[in-house]
1. A184 - would you say it is within 22 Å of E154 (Cβ to Cβ) and surrounded by 23 or more Cβ atoms within 10 Å (Cβ to Cβ)?
2. Please work out if R245 is under 30 Å from L290 (Cβ atoms), assigned by TED's automatic domain parsing to the domain that holds V393, surrounded by fewer than 22 Cβ atoms within 10 Å (Cβ to Cβ) and under 15 Å from the mean Cα position of the chain (by Cα).
3. Hey, any hits in the range 2-18 for a residue that's at pLDDT below 85, small (G, A, S) and within 27 Å of A106 (Cα to Cα)?
4. Looking at the range 122-134, is at least one residue among the aliphatic types (A, V, I, L, M), modelled with pLDDT of 75 or more and more than 25 Å from the chain's Cα centre (by Cα)?
5. Give the residue that is farthest from W328 (Cα to Cα), with candidates limited to residues of the range 194-205 that are touching a residue at least 24 places away in the same chain (Cβ under 8 Å) and surrounded by fewer than 17 Cβ atoms within 10 Å (Cβ to Cβ).
6. Out of L295, L324, L284, L274, which single residue is more than 18 Å from L413 (Cβ to Cβ), among the hydrophobic types (A, V, I, L, M, F, W, C) and at pLDDT 90 or above?
Amino acid sequence: MGHINVDDLCPGMVLARDLTSPKGRMLAPQGCTLEEKHIRIMKIWGVTQADIKDSDQQQVAQEQETAIPQEVLDRAKARARLCFSHANTDHPAVAELFRLSVQRVATVLATGKKLRPLEASQELAQLPTQSQDPAPQTPLDMVRQEIKLSSFPEVYHQILDVIEDPKASSMHVAEVVGRDTSMAAKLLRMVNSPFYGFPSAIDSLTRAVTIIGVRELTTLALGISALNHFSDIPPDLMDMQSFWRHSLRCAICAKVLAGHKPALSEERFFVAGLIHDIGRLVMLKHSPRLVSQALQEAMSHPISLRRAEEMLFGYDHAMVTGALLSEWRFPDSLAHMAGFHHFPGDSPIVQEAAVIHVADMVAHAMTINHRSMSTVPTLHDQAWQALDLPVSVLAVVINQTDHLFADIEQTLLVAD
């Protein structure tokens, strides 16, 4: 008897104990022989695993590996080991992510597709590192030197005022957001995407605010404003498509993870995931040569890019993100989630930062064509404990993120 992930269950397996939903609802009794309808019901009710008679996840994983040609499996494992070179794979959650990553890469390799060599791929341009100005002393110094709040359109400030006004009505919120036609169009596309999955079309901002909520919609609007602010990064400095695709994966993973904790608002976590790395863009705009040097340090030594940033700047991109969001008057919860995503234990609310911490890891592990800066970071056990979720949730998060990614990418990342 042992736990098996819901996506690995097959008709004919027999339950070793009663199956209940996360809220305790009886779904199937001990001894029940599973059919397709049972597995479908489990997914609807948010069940991530089941106890199966005479089998367990390790046995299922071994059976899955035997179906993959050994040469393909060896290549997939070698690639995954490089991608997880900074991760603590002895942790059960990271070990499961590693297994899922190997499976993901092997599936692609088995089709004959060639993946980019890890050692040759770069997301940042290689710039000369000599004659560079010293980094600002603190993250806040960098933010104040590089980013001007006044450069935001007036609607951004009006949205902040709405968020801080507990009496704001749906009609007023819709009127404010609607002043930016591009943002309004993206929000409506978002509301009508599989992200929400409403059965009928939402055809106005007023109705969208009524259904989703004032704070939720305005939080999404803030995220879109921040995303638009960094549309001018030169392509010769950074592969912005890869940057935003990772950010979007992290955002969706964070939303899905938050959905497994009933008390958490999914929109806030989506936005925090979307903007969790924008501090790196601030660093790049201010000190491109120093950021390039950090990348070279990470490539030539067994250290992460975050650690290389810390060595050269005295702080990392997450700290810059936190300072930036505070300076922009973003809600404290968003600033803390993004700013502490590498060290969630230091956040005033550990569980919220832990969601972004784990989502960031999952997003890196999901990326098939990994780049040199996209290694999976170390998982802090305190963060995993704060989430209090089973390891089996990781496969569910990855599958749901895959399902949502293409539609939301088209909504947010494709120019109007």
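The values are calculated or read from the model by the stated rules, or taken from the named source; none is laboratory data. Predicted model, so just to flag it, every value in this text is computed and none were measured. Glycine gets a Cβ as well: all are built from the backbone with ideal geometry, and neighbour counts include every protein chain shown.
1. Criteria not met by A184.
2. yes
3. yes
4. No.
5. The residue in question is P194.
6. Only one candidate qualifies: L324.
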